[in-house]
Amino acid sequence: MKTSLTPLRALVAGAFLSLAACGGTAESGTTLKVADQLHALKSSLDVAGEGQPTDYKIEWANFIGGPPIIAAQTGGSIDVGWMAETPLIFAQAAGSRVKVVAVSQSAKAGGSAYALVVKPNSPIRTAADLKGKSVTFMKGTVLHYFIANLLEKQGLSLKDIKQVQATGFGTGLLDKDAADAIILTEPFLTELEQAGKIRIIANGADFTPGFNYLVASDAALADPAKAKAIGDLAARAARAQRWQREHVKKAAPALAKQYNVDIAIAEKIIERSPSKYTPIDNSIIAAHQAEADLFLKEGLIRKKLDASQIFDKRYDSIVAAQEAAK
């Protein structure tokens, strides 16, 4: 009797074929140049025991924001980058030769590492109060989409606020009264909320898809040895993310050291927005398309994009196998 396969089981069953097609293990002597942000990806791999591949070498570089990572990939100095989804919209619009090869998303309903915040005594109580106010965010990143989508749902647009470019992830401009509100990320979000120094106006889960992407340059994907290494890196990232969800107390000390926060804060950061890697399915592509369409409506890109063209699904079965493994 034949047994039918569910889509997930089919992906897992195909993982061995995909590993073979992608080489399974990378060739010795291969160096993969990987761009990180705040050492987040490297830290998650290291604490889960996934940071030392034996068949290739990882050369790490640390960046702030996805756009400079994509610029480095376009220039040939970076093979793989870790970032949220928004920079890929501008990359595709610009014709940058990069592809999304793996996607992680929130494993918890309502989980998000982003929030729009104000000072506790601010007169801003709701998103509708932002009209005419100054809002700080890093342009070209997921924080840009967060504020654009939040405003649209209030019948407003980016033109209705004073946009202030952030140069880092902290609350500096808010502290100096140079902005009325700021879109904050971890670790600052949880740490400052626990300290009572901010008040949350909107949660990122309501206005962003919560994706993080592993992005590879077309040049790296065209190199057989690097393509093998990228597949292994995707598997390691997926296993590390799963390990972190399942071992919060063991993962927290490394995160606390990385962010220079108390272990209790690190635990709350993990619990606030646990993530998992998933195959690139139609729902992911549709969410990315909706984001691109909003930026087109706002006039921030000049032509309609076909979001499906920025994704490369060759590692889907490998990623699925890491979540399905016992």
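Past 21 Å, Cα to Cα, is the threshold; run Lys226/Lys313; Lys108/Lys313; Lys57/Lys226; Lys108/Lys249; Lys162/Lys268; Lys133/Lys176 against it and keep the listed order. In this structure, Lys108/Lys313; Lys162/Lys268 lie more than 21 Å apart at Cα.
For the range 25-85, the Kirkwood radius over C-alpha pairs fed into Stokes-Einstein at 20 °C and 1.002 mPa s yields D = 177 µm² per second.
Between amide H atoms placed 1.01 Å from N, distances below 5 Å from Leu32 occur with Lys57, Ile58, Glu59, all of them 5 or more places distant or on a separate chain. Within the chain, helices built from complete DSSP H runs that reach 18 Å or longer along their own axis (Cα positions) and carry a mean Kyte-Doolittle hydropathy of -0.5 or higher are 282-297. Of the residues Asp177, Asp218, Asp36, the one that moves most in a GNM of the chain with alpha-carbon contacts below 10 Å is Asp177.
In this rough spin-label picture, where each label sits 7 Å from Cα along the Cβ direction, the Asn62-Ala222 distance is 3.3 nm. Annotation: the antiparallel percentage among DSSP beta bridges lying fully within the chain is about 60. DSSP assigns beta bridges within the range 114-206; of those with both partners inside it, close to 55 percent run antiparallel.
In this Cβ point-charge picture (+1 for Lys and Arg, -1 for Asp and Glu), the chain has a dipole of about 320 debye about its Cα centre. Test of understanding: in a Gaussian network model of the chain with alpha carbons linked when under 10 Å, which of Ala166, Ala220, Ala178 would top the mean-square fluctuation ranking? Per the Cα network of the chain with a 10 Å cutoff, Ala178 tops the list. Diffusion coefficient of the range 282-326 by Stokes-Einstein, Kirkwood radius over Cα pairs, 25 °C, 0.890 mPa s: 200 µm²/s. Summing charges over all other residues whose Cβ lies under 13 Å from the Cβ of Gly111, with Lys and Arg as +1 and Asp and Glu as -1, gives +2. Of the residues Glu152, Glu291, the one with the fewest other Cβ atoms within 10 Å heads the list, and the complete ranking is Glu152, Glu291.
By the beta-carbon count within 10 Å of each Cβ, the least crowded to most crowded order of Met138, Met83, fewest first, is Met138, Met83.
Any read-out appearing in this document is the output of simple, stated calculations on the displayed coordinates, not a laboratory observation. Values in this document were obtained by computation on a predicted structure and should not be read as measured data. Here the Cβ is made from the backbone with ideal geometry for all residues, glycine too, and neighbour counts use every protein chain on show.
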